[in-house]
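A quick write-up on the structure given underneath.
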Amino acid sequence: MLPIQLFRQNKDLVLDGLKKKNFKDLDLVDKIINIDEQRRKLQVENDSISAAVNVASKNIGNLMAAGKKMEAEELKNDVAKNKEKAKEIANQLSELEKEQFDAIIVLPNLPHSTVPFGKTPEENEIIKTGGIIPVLGADKLPHWELAAKYGLIDFELGTKLTGSGFPVYMGQGARLQRALIQFFLEYNINAGYKEYYPPYMVNEATAYGTGQLPDKEGQMYVTKEEGFYLIPTAEVPVTNIYRDTIIAEQDLPVKMTAYTPCFRREAGSYGKDVRGLNRVHQFDKVEIVQLTQPENSYSVLDGMVAHVENLLQLLGLPYRILRLCGGDMSFASALTYDFEVYSAAQERWLEVSSVSNFEVFQANRMKIRFKEGTGKTQLVHTLNGSSLALPRIMASLMENYQTNDGINIPLALQPYFGSEKIK
RNA sequence: GGAGAGAUGGCAGAGCGGUCGAUUGCGGCAGUCUUGAAAACUGUUGACUGUUAUAGGUCCGGGGGUUCGAAUCCCUCUCUCUCCGCCA
């Protein structure tokens, strides 16, 4: 949620940002500013009545103690009148507050100045390409066929147990999955991230904090009795660890990592997009989250991008890094870099990580603040990224490293996997 | 699932209708003393809103009520703890 101060101080900045994000309903900005002015006027009125009532109440107490009952009664009448007026104002006030909130909550975050203009994924900016795309023979197989050939993943079995999009990993496939999780976590921990193992279900307040609610309600699974949401990413519980807290400045940056399964309903997808591991309802991911001072957040973002890039290099996968355009960015993000790896049998790029700076957008909702040296409290910037999402890494590893007699395991992964090759 | 107790500032813990945003202790910060540190002593130490700045207003788990006035009384919800039952 955008801080209201921004509207008062820099309306043009808000408007320009919203345009870049292709937000249509720009009239909301003026509406919010108007409401805010009215609201504050009423607030002042309300406060002065409260002040009068407070003084009168104290006087009544004193008069009663002095035995001047008549005068006390008179004052009581005054107070009663004031309170009637106050009630009216309070009603208007809460109405305005709600109106303001409803208007401001639907506004997306403002994009960073480096975010390119654009509406569709095609307009994302490719800022870097790395690694070498392997040359495969004509008999190359897509990962779903490799999965069947070596008995690594059973998609139909998952359909039997649950439904489509819930693959069952088995044997060497399950082991590869476990090895990747371990590898990613260790890599993050070595870079100074603290490991967390959070709940896989969260309550409404938590889902709201990171912006899943009210924006993406339909994308999450919900439990029937409790109304808990199955997490679509570890970002949700992990960032919320610091909800409603004031962090000492010397404890920044806070660096957290967590492995969790992720659950996404992803209604409306079809065709080659959902084939095999390309898009599933349950998948594993290792996430990194940082909370920082505002002035550091963009260098921290660069650091996280380098961190994820290095991980892909260790796996020897061909990758590219995209800076998302305004129209393709998520609701809450100010700047997002997507990482895609090339899956050499499908001959397509697959998104495996998304690294974003949310600036104060999430922190404002969650009231995550820090205390400066001067004693002033202000909102932190929140950042997160995947390092990494598992299924598409699996897909690309399988396809790119396939040989006639098996699938090679990259060197960096071998200590975790326990052998050099899947046969 | 059954029975009982409780939720107050970073933590511990008082307050049970009026000058309480809240006694006190610990912790934190600053100072005195010291070559330095510790100890001791002194002072200071919540958040939000708001004003040019003062001021003012709000907040004692959430919501509602009684009252001129509520942390204090009533209702309700949520959560925590203790005991019993059940269970991996």
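Can you tell which of A:Tyr197, A:Tyr208 is under 25 Å from A:His112 (Cβ atoms) and either surrounded by fewer than 19 Cβ atoms within 10 Å (Cβ to Cβ) or out of contact with any strand residue (DSSP E or B) (no Cβ under 6 Å at 6 or more places or on another chain) (or both)? Lay out the reasoning, then the answer.
Details: A:Tyr197 fails: under 25 Å from A:His112 (Cβ atoms).
Going through A:Tyr197, A:Tyr208 in turn, just one is under 25 Å from A:His112 (Cβ atoms) and either surrounded by fewer than 19 Cβ atoms within 10 Å (Cβ to Cβ) or out of contact with any strand residue (DSSP E or B) (no Cβ under 6 Å at 6 or more places or on another chain) (or both): A:Tyr208.
Which one is modelled with the lowest pLDDT among residues in the range A:271-291 that are surrounded by fewer than 23 Cβ atoms within 10 Å (Cβ to Cβ) and more than 18 Å from A:Leu390 (Cβ to Cβ)?
First, pick out the residues of the range A:271-291 that are surrounded by fewer than 23 Cβ atoms within 10 Å (Cβ to Cβ): A:271-275, A:278-284.
If we keep only those that are more than 18 Å from A:Leu390 (Cβ to Cβ) as well, we get A:271-272.
Numbers: A:Gly271: 66, A:Lys272: 63.
Looking at the filtered set, the residue picked out is A:Lys272.
Only one of (1) touching a residue at least 12 places away in the same chain (Cβ under 8 Å); (2) within 9 Å of RNA strand B (Cβ to nearest atom) is not met by A:Asn77, so which one is it?
The single condition A:Asn77 does not satisfy is (1).
Taking the criterion of being in a strand (DSSP E or B), in contact with a His (Cβ under 7 Å, 6 or more places away or on another chain) and either under 30 Å from A:Trp144 (Cβ atoms) or not assigned by TED's automatic domain parsing to the domain that holds A:Gln182 (or both), would at least one residue in the range A:356-364 satisfy it?
No: zero hits.
Sort out which residues of the range A:35-49 are near RNA strand B (Cβ under 8 Å from one of its atoms) and either assigned by TED's automatic domain parsing to the domain that holds A:Ala334 or free of Cβ contacts under 8 Å to residues at least 12 places away in the same chain (or both), and write them in order of number.
Matches in the range A:35-49: A:Arg40, A:Val44, A:Asp47, A:Ser48.
Could you count how many residues in the range A:127-167 are surrounded by 12 or more Cβ atoms within 10 Å (Cβ to Cβ) and not in a loop (DSSP other than H, G, I, E, B)? Reasoning before the result, please.
From the range A:127-167, those surrounded by 12 or more Cβ atoms within 10 Å (Cβ to Cβ) are A:127-131, A:133-134, A:136, A:140-155, A:157-159, A:162, A:164-167; that's our starting set.
Among the residues that remain, those that are also not in a loop (DSSP other than H, G, I, E, B) are: A:127-130, A:143-149, A:153-155, A:157-159.
Of the residues in that region, 17 qualify.
Check the range A:59-66 and report whether any residue there is closer than 16 Å to A:Phe101 by Cβ, near RNA strand B (Cβ under 6 Å from one of its atoms) and open to solvent by 40 Å² or more (accessible area, probe 1.4 Å).
Looking only at the range A:59-66, we keep the residues that are closer than 16 Å to A:Phe101 by Cβ, and these are none.
For the range A:59-66, residues closer than 16 Å to A:Phe101 by Cβ, near RNA strand B (Cβ under 6 Å from one of its atoms) and open to solvent by 40 Å² or more (accessible area, probe 1.4 Å): absent.
Which of the residues spanning the range A:340-358 are open to solvent by 10 Å² or more (accessible area, probe 1.4 Å) and either modelled with pLDDT under 95 or over 16 Å from the mean Cα position of the chain (by Cα) (or both)?
Across the range A:340-358, the qualifying residues are A:Glu340, A:Tyr342, A:Ala345, A:Gln346, A:Glu347, A:Arg348, A:Trp349, A:Glu351.
Filter the range A:27-83 for residues that are more than 30 Å from A:Val106 (Cα to Cα) and either under 47 Å from the mean Cα position of the chain (by Cα) or of a type in the set (Ser, Thr, Tyr) (or both) and give the result.
Let us first name the residues in the range A:27-83 that are more than 30 Å from A:Val106 (Cα to Cα), namely A:48-83.
A:Ser48, A:Ile49, A:Ser50, A:Ala51, A:Ala52, A:Val53, A:Asn54, A:Ser57, A:Asn82, A:Lys83 - these are the residues of the range A:27-83 that are more than 30 Å from A:Val106 (Cα to Cα) and either under 47 Å from the mean Cα position of the chain (by Cα) or of a type in the set (Ser, Thr, Tyr) (or both).
Residue-by-condition table, conditions (1) more than 15 Å from the chain's Cα centre (by Cα); (2) buried (at least 21 other Cβ atoms within 10 Å of the Cβ); (3) not in a helix (DSSP H, G or I):
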residue: A:Leu176; (1), (2), (3): yes, yes, no
residue: A:Leu185; (1), (2), (3): yes, no, no
residue: A:Ile189; (1), (2), (3): yes, no, no
residue: A:Pro214; (1), (2), (3): no, no, yes
residue: A:Glu225; (1), (2), (3): yes, no, yes
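Do we have any residue at all in the range A:11-34 that's within 11 Å of RNA strand B (Cβ to nearest atom) and open to solvent by 70 Å² or more (accessible area, probe 1.4 Å)?
Looking only at the range A:11-34, we keep the residues that are within 11 Å of RNA strand B (Cβ to nearest atom), and these are none.
So far as the range A:11-34 goes, no, none of its residues is within 11 Å of RNA strand B (Cβ to nearest atom) and open to solvent by 70 Å² or more (accessible area, probe 1.4 Å).
The values are calculated or read from the model by the stated rules, or taken from the named source; none is laboratory data. In this text the structure is predicted, and so the values were computed from the model without any measurement. For neighbour counting, all protein chains shown are included, and Cβ atoms are generated from backbone atoms with ideal geometry for every residue, glycine included. Just the protein is used for accessible areas: all its heavy atoms, side chains included, with ligands, DNA and RNA removed. Shrake-Rupley method; radii C 1.70, N 1.55, O 1.52, S 1.80 Å.
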